[in-house]
Each structure stands twice: as structure tokens, then as C-alpha cells.
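Computed from the coordinates by the stated procedures, all read-outs in this text should not be read as laboratory data. Values in this document were obtained by computation on a predicted structure and should not be read as measured data. Here Cβ is always computed from backbone atoms with ideal geometry, including for glycine, and neighbour counts include all displayed protein chains.
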Amino acid sequence: MLHSLFRTKPVDQIVDEGGQGELKRSMSLLQLTMFSVGATLGTGIFVVLGEAVPLVGPAIVLSFVLAAVTALFSALSYAELAGTIPVSGSSYSYTYATMGELIAWVSGWCLLLEYAVSVSAVAVGWGQYLNDFFQQTFGFTLPAAISNPPGSGGYVNVPAVVVVLLAMLMLLQGASESATVNTIMVLLKIGVLVFFCVLAFTAFKTSNLTPFAPMGWAGIQAAGSKVFFSYIGFDAASTAGEEAKNPKRDLPLAIIGSLVIVTVVYVAVGLAAVGAMHWTEFKQGETEASLSLVLERATNMSWPSAVLSLGAVIAIASVVLSVMYGQTRILFAMSRDGLVPKIFQRVSANRRVPVANTLIVSAFIALLAAAVPLGHLADATSIGTLFAFGLVNIGVMVLRRTRPDLPRSFRTPVYPVTPMLGVLFCAGLIFTLDRVTQEIFLIWMAVGLVVYFLYSRRHSRLGRAAGGAAQPPNPKGTP
């Protein structure tokens, strides 16, 4: 039984199944890159400065760089595995090929938490920013009863349902069409942040940067841990392995390229913000207003804040679209392996998209966003993401050892130091999160193990192919 839990799925078999043409290869390098940027560049930058600047001062720019370097270790591992195993399952498929079925299930279960719950939390925030935009532009807001979830002064969060349904309708049109719309939204929200930088730099004062690091290295580290979670999402391109036109070349470029783009934007916004407004004026209790306050101080006008709110509305819509896309493709890969019901694998003949999969995921996310106070459950998505990142770093080392002969379109530099550092940084960040979040994550994992042993293990196609007998892991990863 122990051997059967850790039986690996041969890399060649995974790649062959991914090349059967069930999904349509239509996504370009630009579209793949924008999917990762879209999933990463969300509301984080609009709120994170108010949380992080008081911890570090003007050295927030170094905190963003530190967080980017931390994310880079895992991004390099993702790039290697995405180029080697270009399928839709992301870290789920990578761990299936390297560490076995049980670990793959754990990774997939973590991704369900990361994608489904996090996008529900993001959708909840869409209504808040939409209200900000309505207030600043038209002078009215939606009633709290229909714009807030229960527990926050409302009955049902209608805007959250609306943004999920809009994303669902777009996804049903096809991967290429969704990618085109996402690319437009990403370029718009980058444009809004460039607009912020331009206005903020008109009020830039070098005196605001002194002292540069009032809290020292400890402050830079503390703020770095805070802003790291604004980088989560760079792995979104890896879920498009079966819809990329040239996956072996484009997936590694999209993953690394998206991280570079997001880092440049974050550093520019951070520098513009602390240069235009002294760091002591950033208040942790006013996180959502931090960038708006900078613009008001810089221009003495209110209309730029309305533009910024519009940027936040676009940013959230883009995140919802990108993350929902990733969720459906991961479930598609898990269904192909028999670990979740077959309905998630069914693809429409015309548009080559998993229609039932998309409808079920959208309904689940809309229900969560509309009626469930997410609270600490949303925070637990950070642990789920970091856990999956750690498994990918380990997967690179395992696959280098078991299948050194595999053609790799990208190789992680400074191996094995890079993936080792990726594992250490992920573990370190997990232990910096609060205890309640850690406990919720453990409960989530316990539920996942129950589901695996009651359903997934019994329906595993790899298990049925082995005749139900316990099979030892194949060290060479061949059929």
C-alpha cells in the first residue's frame, strides 16, 4: 500500500496525454505572460504599501526586490518543469511525475485552496473598489445589503457574483479569446499604475527618502515577508501547458518574464509613493487609501483617485479571469488521472474548452464570494501556495536525479543551490504566518486526505492500470 501511494506517473506518459489535442493550442508568448501578470498584479499593490511602508520606511523598494528574489527561486523551478512537462496540471502534474500520487494529490488540493478560495476573496473586494469608483465619479454607492457578504453588513455580495459570471462567460468563449481580453485588462491596469507613477513623481522630494532604512535590515525583511504575497500568481502560465502554441519555449519565458514585469512595476510604484509622501504618513489602518492619498497630496485634486479606483476594478477582474482559468485546467488534469470526477475533463467539440468544469468552478466560487465570510480561510491560501512552491522546488531536484536524460528547454541556474533556497524560503515564510492560519491549513489538508482515500485512490487511472496492486515507484520514470 505504501508503494502504491507513492507510485509516479511516467513523464513520457504525462506529456503524451497532454499532446492528444483535447485542448486547443492557441496562446502566444505575450498572452501566456499576461496571464501570469494578470494573476499576480492584483489588488496587492493597491493595499500593500499601507501595510508595509510603516515597517520599513523608504527602503520598501529593497523589500520588493528581496521578495522578488525569494519568488525567483521558485519561479526558476517552475520554468524548468513547465518546459520539461508542458501540460495543464502545473505543480500537480510535476509532483505526480517526481514524488508520486499521494504527494500529487496534496499539491492539487493545495492548488484548489490557492485558486478557488483566493479568487473568491478577490471577487469580494471587487464590489468595494467598484463602490469607491462610483463614489468618486458619480457620487453614489451600492447599498451595503447587496454589496457586502454576511458578517460584513450585507446579505449577498452581488458585485462579487457579477465579476465571477463575467469571467465565466469569457472563459466559455475559448482560451485564446479569454487570453486576448486578459491581455487588454493587464495593459490597462499597468497603464493606471504608470499614470500613478507619473503624477507621484511630480511631487517627488529626495528629503522624503531620508533616512532610507530607519528600521534597518530587520525592517526590510519584515516588509519583504509582507509584500511577498503580492508576487503569488506568477505560476499561472504553467496551467496553460496544453494550450500554448510553443510550450517548451514559451512557458519558461512567460513565468520568468511575468516576474520581471511585476517587480519593475512594484519597485516603481513603491519609489514614487515614498518619494511623494513621507513614509511616516502611511498608516496601517488605511491600507486601501494609501495610493489615493499619495495622489491627492501630489495633485491637490480628487479625480486621479477615481482613475486609480478604476485601475483596481480592472486589476481584480483580471485576477478573477486568470485564476479561474488556472483552476479549471488543474481540475482538467486531475480528472484525466481519475482523481476527481470525469465531468471535469469533458471538452466541448466546438470551442475546445471544459464547459462543465468551468460552470461548476464558477458556481462554487460565486457562492463562496456571495455568501460566505472567508476570513482566515483566505489567509490560508498563502500557505497552500507556498507549500506547492516548495514541492515544485523539490520536484526539480528529484527529476534531475531520476531522469537526467530528459530534454529540458530551460535549466534552473546554479543547481542545486537555487531549488534548495526555494524550499528554505518557502518553509521560512510558512512559519512566519499566524497560528490560526496554519491550523486552518492543517484542517484543509486533513479533509483532502479523507477525500483522497475515500474517492481518489479508488478511481486513480494509474492505480487501475497497475491492476490494483501496490507498485513501487519507477526510479527512471518510464512506462
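Between Gln20 and Thr141, 0.36 nm times their residue separation minus their Cα-Cα distance comes to what?
Once the chain is fully extended between Gln20 and Thr141, it gains 38.6 nm.
How much length is gained on full extension from Val69 to Glu439, taking 0.36 nm per residue of separation minus their Cα-Cα distance?
130.4 nm
Order of 176-186, 124-134 by packing, highest average Cβ count within 10 Å first?
Descending packing order for the listed peptides: 124-134, 176-186.
What are the ³J(HN,Hα) couplings of segment 407-417, residue after residue, when phi is run through the Karplus curve with 6.51, -1.76, 1.60 and θ = phi - 60°? Round to Hz, x for glycine and proline.
Running phi through 6.51 cos²θ - 1.76 cosθ + 1.60 with θ = phi - 60° gives x, 10, 6, 9, 10, 4, x, 6, 6, x, 4 Hz.
Under a 5 Å amide H to amide H cut-off, with H placed in plane at 1.01 Å, what residues pair with Asn246 once short-range neighbours are removed?
The list, which skips near neighbours in sequence, is empty: none.
Could you sort 301-309, 65-73, 246-254 so that the peptide with the highest average Cβ count within 10 Å comes first and the rest follow in order?
246-254, 65-73, 301-309
Rank-order 141-147, 94-100, 258-264 by packing density, defined as the average count of other C-beta atoms within 10 Å over each peptide's residues, highest first.
Highest to lowest by the protection proxy: 94-100, 258-264, 141-147.
Report the Rg/Rh value for segment 7-142, based on alpha-carbon coordinates and the Kirkwood definition of Rh.
1.07
Which is farthest toward the positive dipole end of segment 244-367 among Phe364, Thr328, Ser309, measuring Cα position about the Cα centre, with Cβ charges +1 (Lys, Arg) and -1 (Asp, Glu)?
Checking the options against the dipole of segment 244-367, the answer is Thr328.
Using only the Cα atoms, work out Rg/Rh for segment 21-463, with Rh taken as the Kirkwood radius, to two decimals.
0.96
Using alpha carbons only, how many angstrom separate the centre of segment 11-47 from the centre of segment 289-340?
Spelled out, the Cα-based centre of one part sits 17 Å from the other.
Inverting the mean 1/r over all pairs of different Cα atoms, compute the Kirkwood radius of segment 102-168 and quote it in Å.
13.3
Applying 1/(1 + (r/R0)^6) with R0 = 60 Å to the Cβ-Cβ distance of Trp303 and Phe453, what FRET efficiency is obtained, to the nearest 0.05?
It comes to 0.55.
Looking at Val61, Cys426, Gly127, which one has the Cα that reaches farthest to the positive end of the dipole of the chain (charges on Cβ: Lys, Arg +1; Asp, Glu -1)?
Cys426
Under a cut-off of 19 Å between alpha-carbon atoms, report the aspartates and glutamates in cross-link reach of Lys245, not counting same-chain residues fewer than 8 places apart.
By straight Cα distance, Lys245 reaches Asp16, Glu17, Glu22, Glu80, Glu177, Asp235.
How big is the charge dipole of the chain about its Cα centre, in debye rounded to the nearest 20, if each Lys and Arg gets +1 on its Cβ and each Asp and Glu gets -1 on its Cβ?
Approximately 1280 debye in magnitude.
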